Amino acid sequence: MICSLSFAQGTSSIKGKILDGEFSNEPLLMASVTINTGARSTQTNFRGNFEFNDISAGTYNITVQFAGYEPSHLKITVKEGEPAQILETLYAKRFSPPSTAKISSSTEDALSSSILLANQTR
């Protein structure tokens, strides 16, 4: 059996690996990788790898996303006949803790007075 792979003339590919910056740079399974121009999308495999074939030479904006992680926006230049390589690490989103309410002295005095009156009426 003879197998051959052929590419359209003047095309190349974009290949890459996405790593999880939160877990010792382990491969990130099922991250979404999108070429923003042309709306092509794929997901990383078990090893964090992805590939787009039949890509024309040019510059592309790529978005890498994973739930709960900060997205990464990359600009990639593809040259004819040369695969463009991406190695990217994603990190978890950082959430700020909610601000704690501060009670001013006037509010604190009013609150103390209300508690004192409530206790006197019992």
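Looking at S72, S56 in this structure, which one is crowded, with 17+ Cβ neighbours inside 10 Å and either under 30 Å from F95 (Cα atoms) or small (G, A, S) (or both)?
Result of the check over S72, S56: S72.
Which residue is nearest to S72 (Cα to Cα), if the candidates are limited to region 14-50 and must be part of a strand (DSSP E or B) and either small (G, A, S) or touching a helix residue (DSSP H, G or I) at 6+ places or on another chain (Cβ under 6 Å) (or both)?
S32
Just to be sure I understand, how many residues within region 59-99 are closer than 15 Å to K17 by Cβ and of a type outside the set (D, E)?
Of the residues in that region, 13 qualify.
Tell me, yes or no, whether region 1-18 has at least one residue that is surrounded by 10 or more Cβ atoms within 10 Å (Cβ to Cβ), over 18 Å from A84 (Cβ atoms) and either touching an Asp or Glu at 6+ places or on another chain (Cβ under 8 Å) or at pLDDT below 95 (or both).
The answer is no, given that none of the residues of region 1-18 is surrounded by 10 or more Cβ atoms within 10 Å (Cβ to Cβ), over 18 Å from A84 (Cβ atoms) and either touching an Asp or Glu at 6+ places or on another chain (Cβ under 8 Å) or at pLDDT below 95 (or both).
The values are calculated or read from the model by the stated rules, or taken from the named source; none is laboratory data. Only a predicted model underlies this, so the values are computations on that prediction, with no experimental measurement involved. Because the Cβ atoms are built from the backbone with ideal geometry, glycine has one as well, and the counts that use them run over all protein chains shown.
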